[in-house]
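The structure appears below as structure tokens.
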Amino acid sequence: MKHPNFLFIQADQLAARALPAYGNTVAKTPNIDKLAASGVTFEHAYCNYPLCAPSRFSMISGLLATHAGAYDNGAEYPAALPSFAHYLRLLGYQTSVSGKMHFIGPDQLHGFEERVTTDIYPADFNWTANWSQPHDPQDDDGERLLAAAGEVNGIKRSGVFERTIQLDYDDEVGFRAVRKIHDLARSDDERPFCLFVSFTHPHDPFAVPQEYWDRYNHEDIDMPEISALSRDQLDPHSQRLYDHIGVAEAGMTEEDIRVARHAYYGAVSYVDDQVSHLQDALQTAGYADNTVVIFLADHGEALGERGLWFKRSFFDCALQVPLIVSAPSMFAPARCETNVSLVDLFPTVIDMADAKNGLASIETAYDGRSLCPLLRGEAETRSPYVIAELTGEGSEAPAIMVMDGPYKYIHCETDPPQLYDRSQDRFEKNNIAGQLNTAEVEVHLASHIAENWDLKKLKQKVIASQIERRVVDRAHALGKTPDWNYDPGVPGRDQYFRATSANPSASNYNDDFDLRLRPDSGKPNVRNYPKSK
């Protein structure tokens, strides 16, 4: 294939370990399984920032989040920062998006020619973190969200909901993506294409229709490998998350956890069905043999491990993502054990798209490396470190994770170091930092961080950025508010989650942590199972 097409299928908050392709024995995902059987499955793929927007910015820019200025979910993706979509256009591609990209700021395209849907979340600075003033979980002052403060209360309300805002959105994302594939086939435009399809499932709220709930027996749902720990048993960062997301307040019972995980698996099966629809569309449109299909997620989901939920953690449950590249005419099916990360996608896509020049066509800086040698089954003489960062809500100082082979080292200036050998400790139960037999590894990884990050200066930059964005956000709330939401026909400002007087934090949940009936209403949605008490 001289100029292959690209179809990205991205799930949101999908932990690799929730898929049979990565060893799960509960989830039912026959279509993802089929994709994995036909492609190269990266067994150790990681996001570079376990949070939606910064992770996506890293993926499309090829830069670590802090190099792209992506400090939290309210950070702007600069219009002047090239994405792989810009480079694909320079190589003669037509590029389009269906679904969630989590772009912040007035540029809602970033190299993509077209978006066939609006985004589900707001494009403004509403979700900017605030390290200048510690958030009080008891302070209901209109800043309750401060991204996910107390939201385990919403997880406690998981279950069967026949219709949700998220389901409406993803149904539209899938429908319009399938239509776009057929529109491409009907078009006179003969350029190769890149279509990025991004679903919001299985991201919380964990609320699924009866059809998907019924695919699983409730008693078959597995429970967390590491049961809920008391706050004092957690490491300092996990303690901050524990407080921030409201674990103690929610008081999740064992049955609450099983219900949430049951609904999560149902949402995973929903994504699997969408994969089938897109694969069928490629086949019927005649694109199946000339399209590279890349299945991935932006980050994982803790799903009750240690009593924690969501992301914002360097543990593998939140950091490891599925990454499957299927192009049977280019690469033989295989499983790759080498550590890779989402920042590698930028150079990989350009390397595949430009058979003549490869990486030489990239004129700007990037932090990843092309995965094409690994896709071809070639061994790397030296695999680079996998890096992840945290500089947002739930933290109070920059934290850096560096991974070398099985070893994962975590550094934050406010916390004791953490070191895990995942070859012996898959679920990262034992922090071996400070032990003599791994001292050389620890010193080596700590030195890498010290040589490549000025964490004091970085913290100053993060706080300065937060202050700037919060000033702009407050100013925009007065008088005529600028509308940065992408309008694909129906005004984006009238759809899905936007900051309004009825929903000032643009949250999935109302003030009582019930799922919202509508984005602009505090009324609770109707849960069919389990019944509300």
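Side notes on the structure shown:
- Subset tally (residues that are small (Gly, Ala, Ser), outside any strand (DSSP E or B), over 23 Å from Ser158 (Cβ atoms) and touching a residue at least 24 places away in the same chain (Cβ under 8 Å)) for the stretch 283-337: 5
- Selected residue (criterion: nearest to the chain's Cα centre (by Cα)) from residues of the stretch 421-459 that are acidic (Asp, Glu) and within 23 Å of Tyr71 (Cα to Cα): Asp454
- Some residue of the stretch 83-100 being more than 18 Å from Asn5 (Cβ to Cβ), assigned to a loop (DSSP other than H, G, I, E, B) and free of Cβ contacts under 8 Å to residues at least 60 places away in the same chain: no
Matching residues to (1) free of Cβ contacts under 8 Å to residues at least 12 places away in the same chain; (2) buried (at least 19 other Cβ atoms within 10 Å of the Cβ); (3) not in a loop (DSSP other than H, G, I, E, B):
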site: Ala360; (1), (2), (3): yes, no, yes
site: Ser383; (1), (2), (3): no, no, no
site: Ala388; (1), (2), (3): no, yes, yes
site: Gly394; (1), (2), (3): no, yes, no
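- Among residues of the stretch 465-498 being within 26 Å of the chain's Cα centre (by Cα) and polar (S, T, N, Q), the one that is farthest from Gly434 (Cα to Cα) is Gln495.
- Residues of the stretch 266-280 satisfying the condition of being small (Gly, Ala, Ser) and surrounded by fewer than 22 Cβ atoms within 10 Å (Cβ to Cβ): Ser276
- Among the residues of the stretch 371-393, those identified as modelled with pLDDT of 95 or more and aliphatic (A, V, I, L, M) are Leu371, Leu374, Leu375, Val386, Ile387, Ala388, Leu390.
- The stretch 160-211, residues that are of a type in the set (A, V, I, L, M) and either assigned to a helix (DSSP H, G or I) or within 22 Å of the chain's Cα centre (by Cα) (or both): Ile165, Leu167, Val173, Ala177, Val178, Ile181, Leu184, Ala185, Leu195, Val197, Ala207, Val208
- Qualifying position, being of a type in the set (Asp, Glu) and either modelled with pLDDT under 95 or under 16 Å from the mean Cα position of the chain (by Cα) (or both), among Asp107, Asp72: Asp72
- Number of the exception - Asn437 against (1) loosely packed, with under 11 Cβ neighbours inside 10 Å; (2) touching a Leu at 6+ places or on another chain (Cβ under 6 Å): (2)
- When Tyr385 is tested against (1) out of contact with any strand residue (DSSP E or B) (no Cβ under 9 Å at 6 or more places or on another chain); (2) within 16 Å of Ala450 (Cα to Cα); (3) hydroxyl-bearing (Ser, Thr, Tyr), exactly one condition is not met: (1).
- When Arg469 is tested against (1) touching an Asp or Glu at 6+ places or on another chain (Cβ under 8 Å); (2) part of a helix (DSSP H, G or I); (3) surrounded by fewer than 20 Cβ atoms within 10 Å (Cβ to Cβ); (4) not β-branched (Val, Ile, Thr), just one condition goes unmet, and that condition is (3).
- Residues that are crowded, with 18+ Cβ neighbours inside 10 Å, within 30 Å of Val173 (Cβ to Cβ), of a type in the set (Val, Ile, Thr) and under 23 Å from the mean Cα position of the chain (by Cα) occur at least once in the stretch 242-250.
- Taking the stretch 271-302 as the range and being under 30 Å from Leu419 (Cβ atoms) and out of contact with any helix residue (DSSP H, G or I) (no Cβ under 6 Å at 6 or more places or on another chain) as the test, the residues that pass are Leu296, Ala297, Glu301.
- Selection of first residues in the stretch 502-528 that are without any contact (Cβ under 8 Å) to a residue 12 or more places away in the chain and of second residues that are in a loop (DSSP other than H, G, I, E, B), restricted to Cβ pairs under 7 Å at least 6 apart or on distinct chains, gives the following pairs, ordered by first then second residue: Leu517/Lys523; Leu517/Asn525.
- Residues (surrounded by fewer than 16 Cβ atoms within 10 Å (Cβ to Cβ) and in a loop (DSSP other than H, G, I, E, B)) located in the stretch 338-358: Ala355, Lys356, Asn357
- With respect to the conditions (1) among the aliphatic types (A, V, I, L, M); (2) more than 27 Å from the chain's Cα centre (by Cα); (3) not in a loop (DSSP other than H, G, I, E, B), Val462 lacks only one, and its number is (2).
- Taken as a whole, the stretch 291-303 holds no residue that is surrounded by fewer than 24 Cβ atoms within 10 Å (Cβ to Cβ) and under 23 Å from Asp220 (Cα atoms).
- Any hit, the stretch 207-221, residues being among the polar types (S, T, N, Q), surrounded by fewer than 16 Cβ atoms within 10 Å (Cβ to Cβ) and touching a residue at least 24 places away in the same chain (Cβ under 8 Å): yes
The values are calculated or read from the model by the stated rules, or taken from the named source; none is laboratory data. Keep in mind the model is a prediction, meaning the values are calculated, not measured. FYI the Cβ positions are ideal-geometry reconstructions off the backbone, even for glycines, and counts take in every protein chain you see.
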